[in-house]
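For reference, the structure discussed in these notes is given below.
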C-alpha cells in the first residue's frame, strides 16, 4: 500500500474511534456532574474527609479548594522525591536534588509533566506510583472540575454557588479517570506495554530498565499529562511497543477533550453549541496536521534530507505515526512524545510550537481545552458585539465588564509568561551553553521551553539542557502561573455568570450555535496568537523553515 | 482568605491521602495483578516479543561480523551503535545541524564499507538515530543490504538468510498501521539458531 494512503487510513481509523466515543462518553460525563446521587464509596470518602457533598460553594471557596489541594499535592510530591532513599522499592536511586524536585512537583501537579531528569535512573517505584501516577489522575480530574464549574456558571442564575470542588474532583477521579484509566491500562498490557515491579532485567549481558509502565501510561495519555516513565517517553519500545499501541495512545489523549464538547452541549441543553466548539478544535487540528505532514515529508535542511526525516523517529511509527502523535500531543496539553520534536523540520517543529501558542485548544487538555476555548468564545462574542455596538451575550448571559476582564486576564497570562520568560533566558549569557543547536533553531529551543511550561504541555525541544537552577526555577514558576492564574480568572468568571439572571435571545443576539460563529472563534484564536507571537516565531521556526 | 485557604488545604490533605492509596497503590497494583495472567507476563517483564536489545557484541573485525545491525543510537559511544539499553533518548539535533550532517555522512561511509556497497545504497533508517536510541527494528531495505554479508560470514546460503529475513519481517498492522519493519533481535536469534 502507498505510504500516504496508509498514513491517511490511520487518521481515518483514529477519527472513527473518536466519533464512536463522542456521544456516549460526552453524555456520560454530563450525567456524572449533574446526577444528584452519590455512590456509596464516594459517600464514605466524604465522611472520611469531613466534606458535606450537598453544600454548594461560592467561587472564592471553590478556588481556595483548588489552590489548597494543589499546594499540599506539590508539597507531598516534593517530599516523596527528597525522601526517596527511605522509601520502599526505590532501588537505591537516591534523593532527587532540590531544584529538580521543585520543578517536577509543580510539573506533575499542574498537568504539565515536563521532565528534566532521566526517570529510569532517577525514580523508584514508590515515587512513580504513589507520587507521579496519582497526580497523572488528579491533575486531570481537577481540569475537568474547572470546566464543569464554568459550565454551571452559564447554566445557573441568581446564585453565588458554582458547585462543590471536592465533589467534582472526586467524581472526575472515581467515575471517569480511574475506571477508563484501568480499562486503558489493561488494553495497553495486552498490546505489550511493560508492567513490572522490578528495577530492570538482563538479556545477553545488556541490562534494560523496567517500571510499572502500563498503569502510568494509560492515565498519562488519558489525562493529557505526558510524563514518561522512561526517558524516551512514548518512543520507548516498552511504553509504546507497536503501531497499534501508538494509535491507541493518540486516541487516549484526544478522547476526553473532544468528548467534553458534547458534555458541554448536553449540559447547556443545546448540543449544537458543543458541535460548533468541536468543529473549531477539529478544524485547527486538521490544518496543523496537514502543515506538519507536508513539511516533514519534504525536509529542507541538509541533515534532514540526508536522514530522510528519520532522525529522532522510531521506524515502527514512521513519519505519519510520529506526526499524528506530535500534533495531537501539542494540540492537547499532553506533551508526551513518540519522536523528537527538536529533530522535526522547521515547519513541523513550528507547528508543534504554534499549537501550544494557540493556547492549546486543538482540542486542548482534559478540561483545560474546553474552558480555554470557552474563554476564547467569550472574546469572540465580545469582538462581534463591538463591531455591531451591542452588549454581547453568550448562552443567555450578558458579557459585561467583569466577565470580559476575567476572560482577558485568562488569555493574557500565557503570552506574558512565554515572552518574558524566553526573553529573559535568551538574554542571559549562560543560556548559549545550554543550547543543543545553534542559530534560529537554538532560539526555538528556548521559546519552546517556556511555551511548553506556560501552557502546561510538557513536551520539549529536548536538546536544551534545563538542569540549571535558573531554568528549573523559572520554568517551575511559568507552570504555576500558566495553570493557576487562568483557573482563578475562570472561577471568578463562573461566579459572576452564575449571579446574573438569564436573558432571552433577541433578534440582535449573535447565534453561537451556527458555523459562522465557529469561523469567528477560529479567527479569534489565530489572530490573537499571530498578533502576540509573530515576531518571536519569525526569529525561530519561520527563519529556519525559510532558510 | 488565609484562614479559608488553610481550612481547604486541610481538607485537601485528607483527600490527597485517600486518593494516594486509591490511585497510587491500589490502581497500579491491580493492573500489575492483571499483567500476571499467563501470556501477558512475559511482555510485561520486557522479555516478550518486543526485545530492546539489538546486537550484543560487535566484533572488532567487521569482516567476521555474523549478525544484522540495528539502527545507530545517539546514546552510543560508537558512531554506529548499538544503543545503551540501560537508558533511552535521541540526539535532538536539528535538521539544519552541521554536526548531524557530519555524523550521518560518517555512518553512511562506514556502513557502505562494512557491507561492500556504494554509499548511496544505504537507506535512511540505517544512518538516522532513533528517538529512543534502542529501536529494535530496521527497514526491509536495510535488512536486504546486510543479507550478503551475513550469508558470507555465517556460511549460510543466501537464499536461506533471505528466508529468515522474510520470516522476521512484519508488514503494516491491518495493512495500514505503522511501517513495514524487521525485528533485529528476533532475526539474529533465528540466524544464530540456523548456524
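The numbers here are math on the coordinates, done by the rules we state, and not lab data. This is a predicted model, so every value here is computed, not measured. Here the Cβ is made from the backbone with ideal geometry for all residues, glycine too, and neighbour counts use every protein chain on show.
Gap in Å between the Cα centre of the range A:382-408 and the Cα centre of the range B:76-141? Between the Cα centre of the range B:76-141 and that of the range A:382-408, the gap is 56 Å. Only helices enter the 222 nm calculation for the protein assembly as shown: every DSSP H run of n ≥ 4 contributes -39,500 (n - 2.57), and dividing by all residues gives -19000 deg cm²/dmol, rounded to 500.
Our compactness index for the range B:2-44, the C-alpha radius of gyration over the empirical 2.2 N^0.38 Å, is 1.89.
Most tightly packed first, judged by the mean number of other beta-carbon atoms within 10 Å of their residues, the peptides A:249-261, A:480-492 read A:249-261, A:480-492. Taking every alpha-carbon pair under 8 Å whose residues sit at least 6 apart, chain A reaches a relative contact order of 19 percent.
Across peptide A:320-331, the average count of Cβ atoms from other chains found within 10 Å of a residue's Cβ is 1. With R₀ set to 45 Å, the beta-carbon distance separating residue A:530 from residue B:120 gives a calculated FRET efficiency near 0.60. Ranked by the mean number of other Cβ atoms within 10 Å of their residues, highest first, the peptides A:195-203, B:176-184, A:351-359 fall in the order A:351-359, B:176-184, A:195-203.
To the nearest ten degrees, helix B:98-115 and the longest principal axis of the Cα atoms of chain B are 50 degrees apart.
A protection proxy built from the mean count of other Cβ atoms within 10 Å ranks the segments A:82-90, A:292-300, most packed first, as A:292-300, A:82-90. In the elastic network of chain B, a GNM with C-alpha springs shorter than 10 Å, the most mobile of B:98, B:147, B:85 is B:98.
Using only the Cα atoms of the range A:366-546, each taken as one equal point scatterer with no solvent, compute I(q) by the Debye sum, divide by I(0), and report log10 of the ratio at q = 0.16 Å⁻¹. Log10 I(q)/I(0), no solvent term: -0.97. The spacing between the range A:429-495 and the range A:300-375, judged by their C-alpha centroids, is 16 Å.
Inter-label distance, residue B:37 to residue A:402: 5.4 nm, where each label sits 7 Å from its Cα along the C-beta direction.
In the range A:136-207, the ratio of gyration radius to Kirkwood radius, Rg to Rh, stands at 1.29 when only Cα atoms are counted.
Neighbour counting of Cβ atoms within 10 Å sorts the residues A:132, A:79, fewest neighbours leading, into A:79, A:132.
Three principal axis extents of the protein assembly as shown based on alpha-carbon atoms, in descending order, are 86, 53, 50 Å.
Calculated on the alpha-carbon coordinates, the convex hull of the range A:472-540 measures out at 137 cubic angstrom per residue. For the residues of A:9-15, the average number of beta carbons from a partner chain within 10 Å of their own beta carbon is 2. Straightening the chain between residue B:193 and residue B:79 buys 38.2 nm, computed as 0.36 nm per residue apart minus the Cα-Cα spacing.
Inter-part distance, the range B:1-29 to the range A:90-141, computed on C-alpha centroids, equals 17 Å. Using the Cα coordinates of the range A:1-145, the gyration tensor eigenvalues translate into equivalent-ellipsoid semi-axes of 32, 30, 14 Å, sorted from longest to shortest.
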